[in-house]
Number of protein chains: 2
Amino acid sequence: MIKSPYLLFLGDAADGLAAKVAQGIKDWRPDLSVGQYRMNGCNADLGLSDMTFDQAVDAGAKTLVIGVANRGGVISAEWKAKLIEALEAGLDIASGLHNLLKDEKVLVDKAEELGRSLFDVRIPTEAYPIASGIKRTGKRCLAVGTDCSVGKMYTGLAIEKEMLSRNIKATFRSTGQTGILITGNGVPLDAVIADFMAGSVEHLTPDNDENHWDLIEGQGSLYHASYSGVTMALIHGGQPDALILCHEPTREHMRGLPDFKLPSLDELRDTALIMAKIVNPNVKVVGISVNTQHLDEVSANEYLSSTEQRMGIPAVDPFRHGAARLVDALEAC
Amino acid sequence: MIKSPYLLFLGDAADGLAAKVAQGIKDWRPDLSVGQYRMNGCNADLGLSDMTFDQAVDAGAKTLVIGVANRGGVISAEWKAKLIEALEAGLDIASGLHNLLKDEKVLVDKAEELGRSLFDVRIPTEAYPIASGIKRTGKRCLAVGTDCSVGKMYTGLAIEKEMLSRNIKATFRSTGQTGILITGNGVPLDAVIADFMAGSVEHLTPDNDENHWDLIEGQGSLYHASYSGVTMALIHGGQPDALILCHEPTREHMRGLPDFKLPSLDELRDTALIMAKIVNPNVKVVGISVNTQHLDEVSANEYLSSTEQRMGIPAVDPFRHGAARLVDALEAC
């Protein structure tokens, strides 16, 4: 849907973290970008070639992907001037910002005038069906978390990478804005109408080869009061054969909910299994992915090994150690 | 929001069942309607006065409420002619049809010309917040079902009626089209954007007097693969203090899902409690509402009494026996 290769727009990013969408694209789809575009005052640097829009077009770029969060919840006049230059140079624009490109008349008019496309991956562009619940062929793995933002996307992408390196058929299925920009397609699940959530996940993960794995990007958490409905729809629309539990062990409360503690991994395992067995009685929890970025190496290894011992399934941090043991567990599944 | 009193539009209803929305309004808000409007060939009759639009306006009616399903998924030319007559007579129009009034240009133009309002209760008219999970004052009861369409709305309305007759402060909180037409407001939850589902339920059931009961209309089922996400958002947005389990004991499979059996009431109790305790550790399952319409009196009573004995909480059919015992259980809660 979004034409590649990309030029990654880093804008006037305050720091590297602000450009995490661009970083994700570079990390997971390194062949997808010809370079980066940085404005004056940009403090992010992906280590890609800095290019003007014209240089990027000459290098084959088709789409300028906004890989940075905007400041203050608006698309600034400075950004708009650059985005218009990009359209004029021949690029489409793709964005996952809350502020939609299509709400900026000056961009819409210019794109129309020049025959360029604007992609707001934050909103659905398709009409999804109501879920049928019918069993599909192929295998599906879903990452479920004790909380939001604990590494579910990273885990799925790391498993996909490891599977592809072993010549296992696998597809990461994006359900959020960053994932969609990384893979070029997917379902922006949090923006789907309630009645069609599970149906959109079925649509995203259709019948496939018996030995093909869909690695479905998780969202929210069954334990997160704001977003648990989205997680539920992923479980029932995704019909996973395998679940990977995701956790960040130093977090003191659920993200955005100071009154809510995180559940234990044991609680998450039991609850997720109850819900997932409704659509697939054979589903198994096969592994645990722990985001140990806030632990030192010794503490991380201690946490992983005690967790693994207690729960009886592999517990790894795919960022530190790769996803090989998770893939081993999925292959054994 | 929707101005009352109503004139109930029965159109060319094939039978009484087709006019079940109008029947619901008449049953639960008998003072809300001045009469009914029937076209040629209408086979439904609520026993209200048949009125022309002018007569209804003279009797005080403010809104024509479409209380009947349309045939063939279109708003027919015959209907449109009548609806225009109604606008001309001075009535607003409210509808829960899938076909929106606002998509019918002839109605939109006429309403605008005359300064009338068109209400499509199937779509949200408000921007809802993301759920905060913050504990609210007042008490909340949610009906959860083993399946869709097992009597959750009826149960909530019956409990509200019984509570009001005892001078207990209570408000039925509508989350579906029929409920919204019955009460004049609510949240059309199945049409809300995923991220805002739980927030819309919080918005619908705000802080209230300590001894006030919100009776939240349930939707879907945790066990229904198509709609479980909606149910989940009701549980986490509603923060219920009390759950009523709803069931239809003769149903052979989940509605619309031939491959899925209904869960047992015991399974539903256990699963709903796990999910509801995440937001309210003190939540209790206080009663069971069984839709026994397909059982004879003896079988119904046998089913209710054996269920009550097994589960240890009151099991009643509020249609046959009223909701008094459910209200007793809620008062004891």
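The values are calculated or read from the model by the stated rules, or taken from the named source; none is laboratory data. Source: prediction; values computed, not measured. Positions of Cβ are generated from backbone atoms using ideal geometry, with glycine treated the same way; all protein chains shown enter the neighbour counts. Accessible surface is based on the protein model in full, side chains and every heavy atom, while ligands, DNA and RNA are left aside. Shrake-Rupley method; radii C 1.70, N 1.55, O 1.52, S 1.80 Å.
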Residue B:313: accessible area at probe 1.4 Å, nearest 10 Å²? 30 Å²
Most fluctuating residue given options A:20, A:135, A:62, as computed from a GNM of chain A linking Cα atoms under 10 Å: A:135
Give, rounded to the nearest 20 debye, the magnitude of the charge dipole that chain A has about its Cα centre when Lys and Arg contribute +1 at Cβ and Asp and Glu contribute -1 at Cβ. 460 debye
Rounded to the nearest 500, what is the 222 nm mean residue ellipticity of chain A from helices alone, with -39500 (n - 2.57) per DSSP H run of 4+ residues and division by all residues? -10500 deg cm²/dmol
Output the residues of the stretch A:223-237 meeting this criterion: accessible area (heavy atoms, 1.4 Å probe) in the chain alone minus accessible area with all protein chains in place is 10 Å² or greater. A:223, A:225, A:226, A:227, A:228, A:229, A:230, A:232, A:236
For residue B:99, place a label point 7 Å from Cα along the Cα-to-Cβ direction in every copy; what are the distances to the other copies, in nm, shortest first? 4.2
Full-stretch length increase - residue B:203, residue B:331 - with 0.36 nm per residue and alpha-carbon distance subtracted: 43.6 nm
Percent antiparallel among DSSP beta bridges confined to the stretch A:143-260, nearest 5, equals 10 percent
Cβ-Cβ cut-off under 11 Å around residue B:128, Lys and Arg +1, Asp and Glu -1: the net charge is -3
Charged-residue dipole, Cβ positions (Lys, Arg, Asp, Glu), the protein assembly as shown about Cα centre, Debye nearest 20: 440 debye
Reduced to Cα centres, the span from the stretch B:32-76 to the stretch B:290-315 in Å works out to 37 Å
Taking the DSSP beta bridges in the stretch B:181-333 as the whole, what percent of them are antiparallel, to the nearest 5? 10 percent
Among A:13, B:178, A:246, flag the residue with its Cα farthest along the positive direction of the charge dipole of the protein assembly as shown, charges on Cβ as +1 for Lys/Arg and -1 for Asp/Glu. A:246
For the stretch A:1-152, with all protein chains present and a 1.4 Å probe, just round the carbon and sulfur fraction of the accessible area to a whole percent. 50 percent
What gaps in nm, shortest first, separate residue A:135 from its twins in the other copies when you place the label 7 Å past Cα toward the beta carbon? 4.5
Would you list B:27, A:190 from the most to the least accessible area, probe 1.4 Å? B:27, A:190
Note on the stretch A:257-288: residues buried by at least 10 Å² of accessible area once partner chains are added (vs chain on its own, 1.4 Å probe) come out as A:257, A:259, A:260, A:271, A:274, A:275, A:278, A:279
Interface area, A with B, accessible, probe 1.4 Å, both sides summed, Å² nearest 100: 2700 Å²
Name the longest site-free stretch of chain B, where the excluded sites are GluC sites (Glu not before Pro) in a DSSP loop with no more than 16 other beta-carbon atoms within 10 Å. B:1-125
Roughly what % of DSSP beta bridges within chain A run antiparallel, to the nearest 5? 5 percent
Going 7 Å from Cα along the Cα-Cβ axis for the label, what nanometre distances separate residue A:328 from the same residue across the other copies? 6.1
